[in-house]
1. Name the residues in region 42-75 that are without any contact (Cβ under 8 Å) to a residue 40 or more places away in the chain and assigned to a loop (DSSP other than H, G, I, E, B), would you?
2. Identify all residues within region 424-441 that are more than 14 Å from residue 344 (Cα to Cα) and touching a residue at least 60 places away in the same chain (Cβ under 8 Å); write none if there are none.
3. Mind checking which residues of region 597-645 are of a type in the set (Phe, Trp, Tyr), over 20 Å from residue 258 (Cβ atoms) and touching a Gly at 6+ places or on another chain (Cβ under 8 Å)?
4. Looking at the structure I just gave you, is residue 51 farther than 22 Å from residue 26 by Cα and buried (at least 19 other Cβ atoms within 10 Å of the Cβ)?
5. Only one of (1) modelled with pLDDT of 95 or more; (2) surrounded by fewer than 16 Cβ atoms within 10 Å (Cβ to Cβ); (3) touching a Ser or Thr at 6+ places or on another chain (Cβ under 8 Å) fails for residue 316. Which number is that?
6. Run down 593, 574 and say which single residue is modelled with pLDDT under 90, basic (Lys, Arg) and in a strand (DSSP E or B).
7. Pick out, from region 351-421, the helices (runs of 4 or more DSSP H) lying fully within it that include 2 or more residues that are free of Cβ contacts under 8 Å to residues at least 60 places away in the same chain, of a type outside the set (Val, Ile, Thr) and touching a Leu at 6+ places or on another chain (Cβ under 9 Å).
8. For region 537-572: of the residues being polar (S, T, N, Q) and surrounded by 20 or more Cβ atoms within 10 Å (Cβ to Cβ), which is farthest from residue 685 (Cα to Cα)?
Amino acid sequence: MQDIKTYLLERIRSEDIGVKPRRNLQLMRMIDTDGVEMLDFLIEDMIIFARKYIQRCFKRSKVEGETPITQASMAIGKYIVETWDPSNVNFRDHIRVGDLIIEGFVMCEYLTISVGHMKSRKPVTIHATQKWGEMEIVAGKTACISETAIPLITGLFQDNGRSVIKTWDKSKEMLFTKYVNAPFVKAIDKLQSTRYKVNEDIHKAIMENWDNFIGNEVFKGDNDKENEKLYQRQASKNREVKEIMATAAKWLHKEFYFYIDADYRGRLYYSEPFFNFQGSDMARGQLLFAEGKLFNEQASFWLAVHTACCYNQSYTVDEIPNWVTSDYRSVLEDEGLDTISVDKMTLEDRAMWTQQNIDTIIEAGEMGFFFAEAEKEISFLACCIEWYKYSIAEGDFYTHLPIPIDGANNGWQHLGAMSKDEKTGKLVGLVPVEIQNDFYVQIAKRLTERMPDWFAERDIPMKHIRKGIAKRAAMTRAYSCGQKKMAESMYSDCYQYGYTDDYNISEYDCIDLSGQIIKAIEEVCPGPLTTMKYLQKLADQEISNWLSMYGTDRGHAIEWTTPSGFPVIYECYRTRPAKVDCYGFSTPHGEIRFKHVIREKTDIPDRRGFMCGISPNFVHSMDASHMALVVANWDDDFGAVHDSFSSYATRTEDLMSLTRTKFIEMYDKENFYETIEFGKGFNGRQPTISNLEINRVKDSNYFFC
């Protein structure tokens with residue numbers, strides 16, 4: 001990283017840049033004034049922020065290891081410019097300063113840049129090189145993790161300078177004061193008061209098996225472009241591992257707290273980008289609660305359940321062990337499946353799996369041995385280590401391991417509760433059942449009934465229909481995913497799993513399948529789909545109301561307050577293209593010029609956009625509210641991942657009970673639709689309320705488990 005710092009300092013301080021330096025150099029020189037070595041002090045922080053942000057873009061990109069440069073430049077430049085001069089909100093300045101920082105990575109060959117033909121509509125992109133993945137590990141300072149207790153929230157901005165609600169700026173400081181005592185703020189305070197420590201045994205085991213987590217493959221073949229993409233993806237994955245491990249190493253032997261912030265729907269996120277409780281298995285698997293709880297019989301059961309789910313062994317129909325207590329063969333035959341994984345068994349049988357393998361588990365914990373076949377190999381080893389330490393404890397044993405309970409198809413749970421749809425309730429854990437239902441299999445079965453000839457011709461096993469065709473489609477439909485996007489995702493999944501060749505599945509097939517799967521979902525879950533359509537009609541009515549209320553429909557938002565007191569401000573405006581010239585971008589192969597094209601927001605509402613987005617945003621705001629209400633009323637440490645709640649194994653049953661109670665409080669209404677705040681004056685018909693008794697959730701073991 002020193003080479004990037006040296007390049008940038010020389011570039012900024014160079015005398016040979018003409019009488020009038022370029023705007024980005026002017027801005028950086030303004031920091032470097034008055035004889036104070038301010039730039040020397042800040043430049044390393046700028047580079048670390050840029051490195052982390054670019055890696056986050058690479059990870060989230062459709063093609064890992066590459067990303068459009070414009071978004072990255074704007075975010076990096078905004079961080080740099082506004083850190084030094086908060087009054088500068090000129091996005092053109094932000095982009096140009098961001099370009100300069102990225103230029104340093106390109107000139108030092110950590111990134112490459114692809115411009116394409118001038119008439120091409122493809123965005124200018126940056127790509128990871130092999131050197132990107134090999135970059136030295138420097139954690140740097142952070143405003144996202146604190147070694148000391150984080151003060152309680154008293155205003156919009158916390159002591160690290162970040163806004164509690166990401167999209168709210170200083171203009172909303174006074175408005176925020178009315179929400180300081182709301183449950184969602186108490187939830188953030190609770191999460192920020194949870195002390196963590198690094199699991200030193202896991203950290204050591206990863207470092208001792210470093211080559212298992214860092215790819216050093218040499219890709220060979222005739223297609224150089226494909227090899228290059230493989231290198232980019234591998235470099236991106238290597239970088240993420242190193243980012244996690246660098247931060248974990250910085251906090252070894254210390255206790256610390258995570259800062260939390262909320263998006264505009266009230267969903268809570270850890271501010272630290274990689275090493276956090278919402279991160280990958282490598283990140284979460286290294287985190288322990290700093291405080292321990294006495295290990296008891298309840299803790300033994302729930303640690304056993306968690307251990308089994310982390311490994312998640314699969315059995316064929318003929319391999320189902322004789323120690324199970326339920327008739328899974330009949331379930332598999334009914335669903336047309338030939339395998340069952342442990343996480344689809346009863347809670348008792350999940351715990352039994354651990355007891356059946358306890359000797360191997362304890363030995364793995366003693367040796368620090370990873371099982372590559374485990375679904376979550378790092379979290380599984382963390383469980384093994386916990387069992388080993390418990391087995392050798394001579395007196396009382398205190399457990400620090402967070403144990404999660406996960407919602408079953410959480411989006412459909414909320415939609416099913418709004419509509420009181422009993423069909424949906426039975427499939428997603430809103431009513432008690434002996435064996436947890438597989439929602440995706442039911443959708444897959446209905447799909448095959450709608451397209452019998454297509455599936456008969458290809459003879460696709462039900463488990464592959466579930467995995468490649470039904471799962472993501474059914475999951476995303478709860479958030480209003482349309483046929484076109486669903487078809488793209490379906491083809492991508494089928495291609496990834498090799499089903500496109502194995503079963504002759506084309507992109508046109510996925511378009512047909514997507515249309516039919518939407519109809520299949522409507523038949524299996526009628527209540528949620530009518531709720532989604534009703535929300536769209538209310539959004540349309542709300543936009544119409546703006547004209548009568550304000551005399552114009554411009555510059556307004558759809559607003560509602562969630563049960564946790566969070567004020568949602570949902571905006572969706574039309575955009576227009578705005579171009580920003582790049583005044584020469586230096587690369588190892590010479591200077592290049594290009595234009596950034598961004599979508600600049602107007603104050604004209606995008607009516608179609610509002611209607612498409614209202615359902616997913618409303619559902620996300622409700623699941624965020626559910627979690628906030630649970631956290632705000634919880635009296636112990638808590639790890640949060642949207643629809644996965646974690647605390648101590650000794651408190652799992654208490655957490656399950658509170659989770660059910662707060663969900664019932666949210667939805668035990670005679671008519672939930674009457675509580676929706678927007679769309680007043682709508683004269684159409686409300687969806688029919690079905691006969692699901694929400695109180696039955698309190699007896700469901702598979703609501704969150």
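1. Passing the criteria: 61, 62.
2. The first filter runs over region 424-441 and keeps only residues more than 14 Å from residue 344 (Cα to Cα), leaving 424-426, 430-432.
Listed by number, the residues that qualify are 424, 425, 430, 431, 432.
3. Taking region 597-645 and keeping what is of a type in the set (Phe, Trp, Tyr), we get 610, 618, 634, 638, 645.
Those still in the list that are over 20 Å from residue 258 (Cβ atoms) too: 610, 618.
Across region 597-645, there are no qualifying residues.
4. Values: farther than 22 Å from residue 26 by Cα: yes; buried (at least 19 other Cβ atoms within 10 Å of the Cβ): yes.
When the stated conditions are applied, residue 51 passes them.
5. (1)
6. Details: 574 fails: modelled with pLDDT under 90.
Criteria check complete, one pass: 593.
7. On the way: elements: 358-367, 377-392, 410-419.
Passing ranges, in order: 358-367.
8. Quick first cut of region 537-572, residues polar (S, T, N, Q) only: 541, 544-545, 548, 552, 561-562, 564.
Now restrict to residues that are surrounded by 20 or more Cβ atoms within 10 Å (Cβ to Cβ): 562, 564.
Details: 562: 24, 564: 28 Å.
Looking at the filtered set, the residue picked out is 564.
The values are calculated or read from the model by the stated rules, or taken from the named source; none is laboratory data. Predicted model, so just to flag it, every value in this text is computed and none were measured. Ideal geometry is used to build each Cβ from the backbone, glycine not excepted, and the neighbour counts take in all protein chains shown.
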